[in-house]
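One structure below.
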Ligand code: NAD
């Protein structure tokens with residue numbers, strides 16, 4: 001197994017991986033192992049940051065903030081865009097590394113790596129202009145947007161580089177500095193990004209520290225961090241919000257989801273099946289926005305189910321490093337155990353498997369077969385919880401009010417989709433769904449200009465667009481009297 005350590009010499013040794021603190025590459029006394037989920041082999045040792053190292057990173061961010069926040073926004077934007085160009089230049093390295101540490105096949109790695117470069121360049125162009133609220137004979141009132149200070153970014157393991165970029169780009173464009181903590185399961189692409197960033201950013205503007213959940217807790221309670229940008233599970237999000245509350249930090253929380261897809265009676269089963277398949281199984285269903293409940297109208301239920309089964313049989317699951325692989329493994333051992341619980345629950349409750357259902361653990365790698373469960377009860381674990389793995393319930397509906405109520409009967413509200421040919425019906429149902437993004441006859445279309453965030457317990461705030469940029473600023477109103485005698 002070749003390890004693509006960023007610089008200077010590719011080796012598999014622990015020394016190759018360093019954090020980025022105050023513009024320097026910093027090792028830690030302790031390290032933790034990073035695994036390739038397709039082989040279960042250790043591919044690298046990553047530094048386990050000490051409390052003192054986190055403090056150093058935050059202090060350097062605070063020092064750098066003084067100059068960076070005063071740097072003209074066009075210059076900040078140029079530096080952020082240049083980081084996007086560096087990703088493009090190192091795309092092959094990023095993609096190989098991403099497949100090794102995350103497990104995703106080439107197509108998914110391309111989407112994520114090139115997407116990260118695009119996001120950096122596009123967010124770099126966004127501006128929050130000062131608003132003149134009032135300008136009459138008596139008074140001039142303006143609202144301007146000022147940066148917050150040091151941002152703490154905490155990211156998950158499913159899209160490690162893209163979800164870091166969704167935080168880094170707006171934070172830096174708005175004039176903040178940042179300390180990023182990637183998931184301990186996928187720290188390597190973020191470490192590579194941090195190292196490259198030092199070519200285009202002043203020291204201390206972009207720090208990367210690596211470690212486990214304890215390090216995350218220290219970030220959320222750190223007195224000198226002004227804002228937490230977090231993507232992860234709803235359960236962790238609750239802890240993050242509680243911890244950040246002590247110092248009234250700003251928070252953006254992008255959390256879990258249980259996205260419904262509603263399939264109308266007028267679809268062509270063969271045409272819609274591949275689209276529904278990828279809506280559910282992209283990134284091996286380790287996707288906050290994966291369609292996790294497919295509600296199919298009873299008139300076409302059997303036909304859509306059978307078309308899904310036929311299509312799923314053509315999809316190759318395997319090591320993402322192999323060219324023809326379309327779906328990789330589950331990313332880590334704890335998640336593999338969690339996914340197995342959904343299989344066990346469905347088996348114990350006598351659910352019917354339209355496809356899959358048996359996990360073969362005789363070979364290395366955390367592999368799970370694509371599994372379709374035929375119309376399980378609405379209150380089953382598989383329907384109510386977020387499996388975050390390739391086991392999907394297909395559910396039957398006949399009445400529009402009923403299916404909308406079932407789709408909305410969840411604590412989550414991240415995304416949803418509606419599929420069919422009758423435009424008014426599609427629009428009517430879309431507007432009734434309680435979700436931050438509702439896709440119609442498509443899914444997973446994101447843009448740097450499109451607000452993305454969750455309703456209900458799927459999160460607070462949003463990422464991307466000027467709304468997302470706004471979350472990295474304070475509003476400041478300045479009101480000046482024109483006639484005062486002073
Ligand atoms: P997780 O919540 O376990 O971990 C996310 C990050 O939080 C990791 O870096 C982890 O080390 C850190 N962390 C853990 N405990 C912490 C604590 N108490 N305080 C501070 N930080 C802590 O999530 P995960 O398993 O890595 O990711 C999967 C989850 O993320 C799923 O629920 C998925 O739906 C969600 N997700 C949401 C979005 C979105 O944009 N809404 C995107 C991707 C993933």
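Just a few scattered comments:
- For region 27-73 versus region 234-313, the spacing of their alpha-carbon centroids is 32 Å.
- Compared with the alpha-carbon gap, the fully stretched path from residue 409 to residue 266 is longer by 49.0 nm at 0.36 nm per residue.
- Computed on the Cα trace of region 48-174, the radius of gyration divided by the Kirkwood hydrodynamic radius gives Rg/Rh = 1.09.
- Simple spin-label estimate for residue 118 and residue 440 gives 2.3 nm between the two label positions (7 Å along the Cα-to-Cβ direction from each Cα).
- When peptides 426-432, 117-123, 157-163 are ranked by their average number of other Cβ atoms within 10 Å per residue, the highest-first order is 157-163, 117-123, 426-432.
- Stretch gain in nm, segment residue 425-residue 40, where the contour uses 0.36 nm per residue and the Cα spacing is subtracted: 133.9 nm
- Entry note: region 250-301 has Rg to Rh equal to 1.11, where both radii use alpha-carbon atoms and Rh is the Kirkwood radius.
- Region 21-148: relative contact order in percent, alpha carbon pairs under 8 Å with at least 6 residues between: 20
- Cα long-axis angle, helix 301-313 against the chain (0 to 90 degrees, to the nearest 10): 70
- Short-range pairs are left out: with C-alpha atoms under 8 Å and at least six residues apart, the relative contact order of the chain is 18 percent.
- Shape category assigned to region 356-469 from the gyration tensor of Cα positions, a/c cut at 1.5: oblate
- Highest mean packing first, where packing is the average number of other Cβ atoms within 10 Å per residue, the peptides 171-182, 347-358 line up as 171-182, 347-358.
- Think of it as helices only: each DSSP H run of n ≥ 4 in the chain is worth -39500 (n - 2.57), and spread over all residues that comes to -11500 deg cm²/dmol at 222 nm.
- The stretch between residue 299 and residue 73 holds 75.8 nm of extra length on full extension. This uses 0.36 nm per residue minus the Cα-Cα distance.
- Based on the reciprocal of the average 1/r between different C-alpha atoms, the Kirkwood radius for region 269-398 equals 14.8 Å.
- Highest to lowest packing among 258-266, 33-41, 53-61, scored as the average C-beta count within 10 Å: 258-266, 53-61, 33-41
- Spin-label pair residue 380/residue 199, simplified geometry with 7 Å Cα→Cβ offset, distance in nm: 5.1
- Using the Cβ-Cβ distance between residue 480 and residue 352 with R0 set to 51 Å, the FRET efficiency works out to roughly 0.10.
- Convex hull of Cα atoms in the chain, direction-averaged projection (nm²): 25.2
- If R0 is 51 Å, the Cβ-Cβ spacing of residue 63 and residue 363 corresponds to a FRET efficiency of close to 0.50.
- For region 36-112, the orientation-averaged shadow of the C-alpha convex hull comes to 7.2 nm² (one quarter of the hull surface).
- For the chain, the longest principal axis of the C-alpha atoms and the axis of helix 188-197 are separated by about 30°.
- Shape summary of region 110-173, radius of gyration then Dmax from alpha carbon positions: 17.1, 57 Å.
- Length-normalised contact order for region 75-201 - Cα pairs under 8 Å, 6+ apart - percent: 30
- Principal-axis analysis of the Cα atoms of the chain puts helix 106-123 at an angle of about 30° to the longest axis.
- Across all directions, the shadow cast by the convex hull of region 165-259 built on its C-alpha atoms averages 6.6 square nanometres.
Every number here is computed from the coordinates shown, using simple stated rules; none is lab data. Computed from a prediction, not measured in an experiment: that's the story for all the values here. For neighbour counting, all protein chains shown are included, and Cβ atoms are generated from backbone atoms with ideal geometry for every residue, glycine included.
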